[in-house]
Amino acid sequence: MEQNSKIYVAGHRGLVGSAIVRRLKELGYINLVLRSHAELDLTRQRDVELFFEKERPEYVFLAAAKVGGIWANNTYPADFIYKNLMMQNCALNAAYLYGVRKLLFLGSSCIYPKNCPQPMRDDYLLSGSLEPTNEPYAVAKIAGIKMCQSYNRQHGTNFISVMPTNLYGPNDNFDLETSHVLPALIRKFHEAKMGLSDAQSTSSVVVWGTGNARREFLHVDDLSNACVFLMNHFDGSEIVNIGTGEDISIRDLALLIKKIVGFEGRLIFDSSKPDGTPRKLLDITRLTNLGWKAQISLEEGISTTYEWYRTFGLQGMKGIQAKHCE
């Protein structure tokens with residue numbers, strides 16, 4: 001990408017999209033095209049095509065998606081599969097029709113089978129059953145990967161697919177019903193520490209599952225760094241996993257967040273709730289061979305995310321927290 005290249009970041013108000021915008025601006029890219037959901041509904045094909053016809057972006061970061069934790073995926077499966085499929089289909093086809101030079105599609109590590117060998121390699125895709133709690137979302141993301149590969153094969157496009165591990169950071173979603181585990185724990189521990197009236201208890205915090213499941217976490221600023229790097233240095237239809245190469249149990253994660261927040265009560269693990277996939281650790285060999293490595297440690301990343309939450313996340317939780325569909 002050139003400094004004056006016209007770049008469209010879809011989903012610029014969400015966790016990932018906002019981080020990509022920050023990174024692009026840091027690097028001096030000035031010709032950014034941004035649209036909120038109110039300005040452009042990516043599920044409406046004609047609107048999307050008119051947008052691409054008018055703006056003619058040269059590069060596209062497709063970071064718009066409907067995302068959520070286990071509860072949200074279980075409760076709204078139709079929303080997750082429909083909205084993600086529609087956004088992807090409309091944007092990818094329009095990018096082909098109107099001559100986008102290169103597009104980066106953001107998937108998710110949940111595309112891999114529930115009982116996938118660890119670490120998860122890209123050739124394990126479609127080798128087994130998916131985790132049932134987020135299957136509709138995973139199916140949509142798999143379709144996005146296959147669409148990128150198919151357009152590359154048939155039309156000679158340059159659509160690349162990246163699969164980030166579990167993400168966190170500024171602009172995350174801290175809603176306890178729809179968020180992922182890390183931001184949810186930050187909010188739970190903070191509210192318990194502060195003795196807020198809507199906290200379940202000021203002396204204990206309940207964590208879903210046994211605490212034995214293991215997850216890999218990547219700060220969203222590392223992800224945005226990797227995405228811009230790959231846009232400039234990688235071409236091909238192969239999936240590129242993006243992660244740290246290290247994982248942690250949910251129990252140890254909870255203990256780390258407990259320490260960072262300064263909560264002195266006890267933890268309760270509710271084993272009646274699902275753990276989800278037993279382990280999710282990505283094989284990041286392709287990315288490291290390209291010369292990229294994550295820079296932000298988990299403790300540092302959680303600490304800065306907690307500070308962001310205290311500074312911004314508490315100022316109108318309904319309005320400031322990320323709206324990942326936009």
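If you bin all the Cα-Cα distances of the stretch 209-313 at 5 Å, starting from zero, the percentages per bin are 2, 11, 17, 18, 17, 16, 10, 6, 2, 1.
With Cα atoms as the point set, the stretch 134-248 shows a radius of gyration and Dmax of 18.4, 60 Å. Pair-distance distribution P(r) for the stretch 122-200, from all Cα-Cα distances in 5 Å bins starting at 0: 3, 12, 15, 17, 14, 12, 10, 7, 6, 3, 2, 1 percent.
When the alpha carbon coordinates of the stretch 76-130 are projected onto the principal axes, the ranges are 40, 29, 14 Å, largest first.
Among the listed pairs Lys6/Lys146; Lys54/Lys102; Lys114/Lys146; Lys114/Lys193; Lys102/Lys188; Lys114/Lys293, those with a Cα-Cα distance over 29 Å are Lys114/Lys193; Lys102/Lys188. Taking each DSSP H run with n ≥ 4 as -39500 (n - 2.57) and averaging over every residue of the chain yields -12500 deg cm²/dmol at 222 nm. Electrostatic tally near Tyr29: other residues with Cβ closer than 13 Å to its Cβ, Lys and Arg +1, Asp and Glu -1, net +1. Other residues whose C-beta falls under 15 angstrom from the C-beta of Pro164 contribute a net charge of -2, scoring Lys and Arg +1 and Asp and Glu -1. Look at the alpha carbon pairs under 8 Å that are at least 6 residues apart: their mean separation over the length of the chain gives a relative contact order of 23 percent. Its alpha carbons give the stretch 7-320 an Rg and a Dmax of 19.2, 60 Å. Highest mean first, the peptides 275-286, 68-79 sorted by other C-beta atoms within 10 Å per residue fall in the order 275-286, 68-79.
Of all DSSP beta bridges confined to the chain, the antiparallel ones make up roughly 5%.
Sorting Trp292, Trp308 by the number of Cβ atoms found within 10 Å of their own Cβ, with the fewest placed first, yields Trp308, Trp292. The value for the stretch 270-314 of Rg(Cα) / (2.2 N^0.38 Å) is 1.73. Here the stretch 7-320 is treated with +1 on each Lys and Arg Cβ and -1 on each Asp and Glu Cβ, and its dipole about the Cα centre works out to around 120 debye. The alpha carbon radius of gyration of the stretch 38-109, expressed as a multiple of 2.2 N^0.38 Å, is 1.18.
Only the coordinates and a few stated rules stand behind these numbers; no lab work does. Everything quoted here is computed from the prediction, not taken from an experiment. Here the Cβ is made from the backbone with ideal geometry for all residues, glycine too, and neighbour counts use every protein chain on show.
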